[in-house]
Amino acid sequence: DLIAQHFTGTMNLLDLICGPDLLGYVHLGSSDEYGSLEAPQKETMREMPISPYSAAKTASTHLVQMLSRTEGFPGVVIRLFLVYGPGQDSRRFLPQLISGCLENRVFETSKGMQLRDFCFISDVVEAVLLSMVSGRAHGSVINVASGLPVTIRQVIKKVVSMVGGGEADFGKIPYRAGENMALYADISLALDILGWRPSTDLEKGLEMTISWYRRKFEEPV
């Protein structure tokens with residue numbers, strides 16, 4: 001199913017839109033394509049997918065690049081790290097964490113020493129728009145992230161403090177098998193090609209995200 005969603009789906013979409021009138025195409029890739037490669041992850045590294053999802057994403061990346069090389073297709077792959085912000089799927093890490101804190105629950109977690117790279121949604125949108133209109137970006141893979149590693153443990157403690165509720169029981173859940181303990185980006189190519197760098201730091205991004213979920217939490221049922 002994941003292969004069909006993320007690779008076959010990409011093939012079908014490209015088959016529909018390819019043509020002389022297409023000025024730009026932005027494919028959303030994933031940091032999971034790097035697998036267990038050493039951080040900071042850079043676009044010149046050969047991908048090392050470790051799941052059907054990341055394998056499908058990697059195949060889609062190579063498809064876009066192949067079409068760009070051989071047919072002049074105006075495509076660019078922006079490889080996203082941990083995007084977050086208001087309205088995110090409630091099953092994702094930060095929405096679950098914020099909800100647990102708003103409900104003042106004790107929640108089980110791993111030791112939380114994984115290094116991760118969080119990028120606020122408005123910064124990601126800006127990178128997408130710049131990629132659409134940048135001729136220099138065609139055929140490229142470009143990391144879109146903060147470039148600043150932070151441990152999951154630090155993020156959990158920060159959210160607990162900012163919300164003023166909840167408690168993490170660290171170490172109760174094991175790390176995932178094969179989990180990359182350091183996944184954060186080298187974002188120098190985004191600055192070089194797109195003139196892009198993130199403008200929302202983690203503190204400000206979390207403030208806006210928590211405020212949104214707090215309003216949803218306090219809405220009458």
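Tabulated data
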{"item": "Scope segment 155-180; condition within 23 Å of the chain's Cα centre (by Cα) and open to solvent by less than 50 Å² (accessible area, probe 1.4 Å); matching residues", "result": "VAL155, ILE156, VAL159, VAL160, GLU179, ASN180"}
{"item": "Residue satisfying all of: in segment 59-81; among the polar types (S, T, N, Q) and either open to solvent by 30 Å² or more (accessible area, probe 1.4 Å) or touching a Ser or Thr at 6+ places or on another chain (Cβ under 8 Å) (or both); nearest to LEU28 (Cα to Cα) among these", "result": "SER60"}
{"item": "Residue in segment 11-58 that is surrounded by the most Cβ atoms within 10 Å (Cβ to Cβ), counting only those that are more than 18 Å from the chain's Cα centre (by Cα) and assigned to a helix (DSSP H, G or I)", "result": "LEU14"}
{"item": "Candidate set: segment 89-128, residues that are polar (S, T, N, Q) and not in a strand (DSSP E or B); chosen: the one farthest from ALA182 (Cα to Cα)", "result": "ASN104"}
{"item": "Residue satisfying all of: in segment 84-128; of a type in the set (Asp, Glu) and within 16 Å of GLY166 (Cα to Cα); least open to solvent (accessible area, probe 1.4 Å) among these", "result": "GLU103"}
{"item": "Test result for SER146, in a loop (DSSP other than H, G, I, E, B), modelled with pLDDT of 95 or more and either open to solvent by 70 Å² or more (accessible area, probe 1.4 Å) or not aromatic (Phe, Trp, Tyr) (or both)", "result": "yes"}
{"item": "Criterion violated by SER131 - all others in (1) under 22 Å from TRP212 (Cβ atoms); (2) open to solvent by less than 30 Å² (accessible area, probe 1.4 Å); (3) part of a helix (DSSP H, G or I) satisfied", "result": "(1)"}
{"item": "Neighbours by Cβ (under 6 Å, 6+ apart or cross-chain): first from segment 150-169, under 15 Å from LYS111 (Cβ atoms); second open to solvent by 20 Å² or more (accessible area, probe 1.4 Å) and among the acidic types (Asp, Glu)", "result": "ASP169/GLU108"}
{"item": "Some residue of segment 108-127 being free of Cβ contacts under 8 Å to residues at least 60 places away in the same chain, of a type outside the set (A, V, I, L, M, F, W, C) and farther than 14 Å from LEU80 by Cβ", "result": "yes"}
{"item": "Lone qualifier among ALA137, ALA190 - being touching a Phe, Trp or Tyr at 6+ places or on another chain (Cβ under 6 Å), open to solvent by less than 20 Å² (accessible area, probe 1.4 Å) and either aromatic (Phe, Trp, Tyr) or within 30 Å of ASP21 (Cβ to Cβ) (or both)", "result": "ALA190"}
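The values are calculated or read from the model by the stated rules, or taken from the named source; none is laboratory data. A quick note: this is a predicted structure, and the numbers were derived from the prediction, not measured. Cβ sites come from the backbone with ideal geometry, for glycine too, and all protein chains shown count toward neighbours. Remember, those area values only see protein heavy atoms, side chains included, never the ligands or the DNA or RNA. Shrake-Rupley method; radii C 1.70, N 1.55, O 1.52, S 1.80 Å.
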